[in-house]
Amino acid sequence: MGLANYISNAKKNELFVASFIIIILTFLANIFSYLFQFFMARMLGPSDYVVVAIITSITGLFAIPTLAIQTVISKKTTELKVKKEDGKIIGLMKSSLKKMFYLGLICFILYSLVSLFLARILEINYVYLFLGGFFIFGAFIYPILAGIIQGLKKFKELGWNFLVNCIIKFIVAVLLVYIGFRIYGAIIGFLSGIILASIVLFYNIKSMGKTKVERFDIRIFSEDNFYFVCAMIIIVLIYSLDVIFAKIFFSAEIAGRYSVISLIGKMILFVVSSVGTAMFPINTERFVKGGSTNSVFRKAIILSLIVCFGALTFFFIFPHFIINLLFGSDYASLSNLLIYLGIAFSFCSLLYILILHNISINKIKILHILGLALFLAIEVLFFTLFHSTIEQFAIGFMISNIIAFLGGYFILRK
């Protein structure tokens, strides 16, 4: 009877239901995402696979503001939804898409120029880097569409869209690599997923109904949103830089193996971010209506802790089995790193939830940004000082993330 009541109450809890939907669909999507990585790692081998990992990381860094963009758009969409101004939501989409296309074009040009130097430093064919740069357009357009869907609390549509993205990416990449395009095929597959997903989201939003479009504009990088954008940029850097620094300090073989272990560790971040995706619009809506957000935040933290502890248990007990199952024995030589990276991404995930909560209640100030920037600098310092071995590198990454969470909790909860 007690269990039945608990299940009944859980079904009525908006955060639990939304998180459950997104986690299940994200889990299915991540299966295809990991199948993509699995097949690329096996079909290309460590030396070529690390090129794909580096390109996706670098293009992700140039498109770092996109997570911040989605957060800002989601927040504004929820506020408009509470005021029942649906016409302005469509207007927001149109004006934002136009701006982001031009911003993406500028970033693509800058990226293409910077890649001339990166190609020499990283010893990667420039054409690979240039082709991967087209992801920047999708990375600036997709978060506008995803942010609106998230803000409308259409979690099923958002989850299904992510699933479609990963399925298309996997199928196209495997087919192209199989017929001989190798790194080109992997990059084209990576691009095709976000292009199709963006098209699907666009038509989902346009079919909201016969809503009269009202002109509505938002300055995403305005003074009001500046701190929100900075906070999201910093958290993305915190969980993205390890692969790039590994390529700088270690051989292609070791860096390729490390990239795979890091990817497995990021599973924790991917699942916890689903909880954050559900929490953010619910928190924002409650805040706009003048309600309390503490209970939603506590439940999000509890769900995140359950995910972290569950994953770390498996990482600690079955590291060899997990790596062999997902990527094969070629990458199992670094299985001892999995627990370190799992702990690192667990603390990073909790910091991410904390940052999202503060953004949803307009509680990100200059002090918070300076503190988060300091923790990012500490991470880079650890990478620079502790890279005698790949194990030392991973432990340094873990410690820096623990410091970031503990310090972030102290400054963000004040």
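A few comments on the model shown:
- Residue within segment 310-324 that is out of contact with any Cys (no Cβ under 7 Å at 6 or more places or on another chain) and under 28 Å from residue 68 (Cβ atoms) present: yes
- Against the test of being under 28 Å from residue 170 (Cα atoms), buried (at least 22 other Cβ atoms within 10 Å of the Cβ) and either touching a residue at least 60 places away in the same chain (Cβ under 8 Å) or of a type in the set (S, T, N, Q) (or both), the options 71, 78, 56 yield a single qualifying residue, 71.
- Selection count, segment 338-350, where residues are closer than 15 Å to residue 314 by Cβ and either crowded, with 24+ Cβ neighbours inside 10 Å or among the aliphatic types (A, V, I, L, M) (or both): 7
- Residue in segment 357-365 that is among the hydroxyl-bearing types (Ser, Thr, Tyr), touching a Phe, Trp or Tyr at 6+ places or on another chain (Cβ under 8 Å) and part of a helix (DSSP H, G or I) present: yes
- Hey, residue 368 farther than 22 Å from residue 268 by Cα and surrounded by 20 or more Cβ atoms within 10 Å (Cβ to Cβ) or not: yes
- Condition broken by residue 287, with the remaining ones in (1) more than 27 Å from residue 358 (Cα to Cα); (2) surrounded by fewer than 22 Cβ atoms within 10 Å (Cβ to Cβ) satisfied: (1)
- Only one of the numbered conditions (1) more than 24 Å from residue 274 (Cα to Cα); (2) in contact with a Phe, Trp or Tyr (Cβ under 9 Å, 6 or more places away or on another chain); (3) of a type in the set (A, V, I, L, M) is violated by residue 317, and that is (2).
- Every residue from segment 290-300 that is buried (at least 20 other Cβ atoms within 10 Å of the Cβ) and small (Gly, Ala, Ser): 300
- Selection within segment 33-52 - in contact with a Lys or Arg (Cβ under 7 Å, 6 or more places away or on another chain) and under 15 Å from residue 166 (Cβ atoms): 36
- If you filter segment 328-353 down to residues that are touching a Lys or Arg at 6+ places or on another chain (Cβ under 7 Å) and hydrophobic (A, V, I, L, M, F, W, C), you find that the one that is farthest from residue 31 (Cα to Cα) is 334.
- Out of 8, 57, 47, 19, sole residue that is assigned to a helix (DSSP H, G or I) and modelled with pLDDT of 75 or more: 47
- Scanning segment 240-263 for residues that are surrounded by 21 or more Cβ atoms within 10 Å (Cβ to Cβ) and among the hydroxyl-bearing types (Ser, Thr, Tyr) yields a count of 3.
- Cβ-Cβ under 6 Å pairs, at least 6 apart or on other chains, segment 356-375 side touching a residue at least 12 places away in the same chain (Cβ under 8 Å), far side of a type in the set (Ser, Thr, Tyr) and not in a helix (DSSP H, G or I): 361/293
- Residue among 326, 337 that alone is under 24 Å from residue 46 (Cα atoms), in contact (Cβ under 8 Å) with a residue 40 or more places away in the chain and touching an Asp or Glu at 6+ places or on another chain (Cβ under 7 Å): 337
- So residue 322, is it at pLDDT 85 or above, among the β-branched types (Val, Ile, Thr) and out of contact with any Ser or Thr (no Cβ under 9 Å at 6 or more places or on another chain): no
- Qualifying residue in segment 362-378 (condition: out of contact with any strand residue (DSSP E or B) (no Cβ under 9 Å at 6 or more places or on another chain), among the polar types (S, T, N, Q) and modelled with pLDDT under 95): yes
- Close contacts from segment 122-135, counting a first residue that is within 19 Å of residue 248 (Cα to Cα) and outside any loop (DSSP other than H, G, I, E, B) and a second that is of a type in the set (Phe, Trp, Tyr) and at pLDDT 90 or above, with Cβ to Cβ under 8 Å and a gap of 6+ residues or different chains, come to 128/184.
- Test result for residue 301, among the aliphatic types (A, V, I, L, M), in a helix (DSSP H, G or I) and touching a residue at least 60 places away in the same chain (Cβ under 8 Å): no
- Options 148, 205: the member that is modelled with pLDDT of 90 or more and either part of a helix (DSSP H, G or I) or within 16 Å of the chain's Cα centre (by Cα) (or both): 148
- The residue pairs whose first member lies in segment 169-181 and is within 14 Å of residue 37 (Cα to Cα) and in contact (Cβ under 8 Å) with a residue 40 or more places away in the chain, whose second member is assigned to a helix (DSSP H, G or I) and of a type in the set (Asp, Glu), and whose beta carbons are closer than 8 Å, counting only pairs six or more residues apart or on different chains, do not exist in this structure.
The values are calculated or read from the model by the stated rules, or taken from the named source; none is laboratory data. Predicted model only: the values in this text are computed from it and were never measured. Every residue, glycine among them, receives a Cβ derived from its backbone with ideal geometry; neighbour counts consider all protein chains shown.
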